[in-house]
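Notes follow once the structure below has been shown.
The values are calculated or read from the model by the stated rules, or taken from the named source; none is laboratory data. Worth saying up front: this structure is predicted, and the values here are computed from it rather than measured. Here the Cβ positions follow ideal geometry from the backbone for every residue, glycine too, while neighbour counts run over all protein chains shown.
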Amino acid sequence: MPFPAHVCRNDRSPTATSRGCPRCRLEIAAVTTSPSILIVGAGAHGRVVLDILRAQGHKVPGWVDDNPQLDGSSIEGLPVLGGQEYFLSGQFHGSVHVAIGLSSVRLALGERILSAGLSLATAIHPSAVISPTAHIGEGSCICAGAVIGPGARLGRQVIVNTGATIDHDCLLEDGAWVAPGVTTAGAVRIGRLAYVSTGAVLVAGVHIGAGAVVGAGAVVVQHVPPQAIVLGVPARVVGKVDEKFDFKRLVSGLPPLSSDL
């Protein structure tokens with residue numbers, strides 16, 4: 001199928017293919033292969049994703065959420081169609097975006113969706129600025145005002161939230177989540193399932209280990225071990241992500257629970 005005419009939002013000039021722009025390629029692929037995109041997760045992040053998909057011009061038929069109290073309800077004018085059984089039953093044939101903050105759950109649901117023969121849709125806000133040499137993994141979410149620099153590589157189902165900056169040659173592994181206003185210098189590595197909270201600053205070349213948590217406003221000047229929790233300026237290790245750590249409290253703005261905090 002030939003590529004449709006498209007206005008590249010990176011250079012604001014019309015082009016027949018926009019092949020050099022990764023965001024444009026993703027948008028064109030979504031339009032030509034996925035007539036509709038289902039959102040899994042009807043919470044706050046789901047509403048952010050809905051805004052992005054609408055801004056991209058996608059049709060969203062509704063929500064999938066496992067909370068039985070939401071069955072039959074309407075959120076942002078769209079129906080809650082049921083739980084996971086909806087897309088696993090074979091009655092939906094479009095793409096799916098998993099809009100769940102808890103990264104381990106997000107990746108696990110992504111695996112189920114792919115195993116069911118469906119594709120993971122990538123949501124990229126039109127105001128995001130993405131280098132033509134950056135790579136964005138399937139199912140990722142790039143929010144309004146985010147910047148992805150040259151040579152940056154994002155794995156599957158990564159979230160780069162509002163106004164965050166991922167500079168040149170950074171690597172964000174599968175399921176990493178970068179909150180609003182985060183700034184990374186070049187060649188930073190953020191491990192699988194790691195979370196970098198609002199307004200944190202990561203200096204050039206630091207590594208954030210898999211499953212680690214960087215607190216809001218922290219300034220990271222050295223490598224962070226896997227599963228570590230770091231806070232402060234400069235950031236220091238104050239605990240670890242263990243079975244008592246409550247990620248849902250963290251992302252809701254409440255102090256997380258951990259045996260070391």
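Being among the aliphatic types (A, V, I, L, M) and either at pLDDT 90 or above or within 15 Å of Ala44 (Cα to Cα) (or both) is the filter here, so list the residues in the range 82-112 that pass it. Hits for the range 82-112 are Val96, Val98, Ala99, Ile100, Leu102, Val105, Leu107, Ala108, Leu109. Can you say whether Val214 is among the aliphatic types (A, V, I, L, M), without any contact (Cβ under 8 Å) to a residue 24 or more places away in the chain, surrounded by fewer than 16 Cβ atoms within 10 Å (Cβ to Cβ) and over 14 Å from Ala185 (Cα atoms), as far as the supplied structure shows? Criteria not met by Val214. Here Ala200, Ala210 are screened, and the one residue that is in the same structural domain as Asp174 (by the TED database) and closer than 19 Å to Thr165 by Cα is Ala200.
Whether a residue is modelled with pLDDT under 95, among the basic types (Lys, Arg), surrounded by 15 or more Cβ atoms within 10 Å (Cβ to Cβ) and closer than 30 Å to Thr133 by Cβ was assessed, and Arg23 passes this test.
Looking only at the range 194-206, which residues are surrounded by fewer than 24 Cβ atoms within 10 Å (Cβ to Cβ) and within 20 Å of Ser140 (Cβ to Cβ)? Of everything in the range 194-206, those that are surrounded by fewer than 24 Cβ atoms within 10 Å (Cβ to Cβ) and within 20 Å of Ser140 (Cβ to Cβ) turn out to be Ser197, Thr198.
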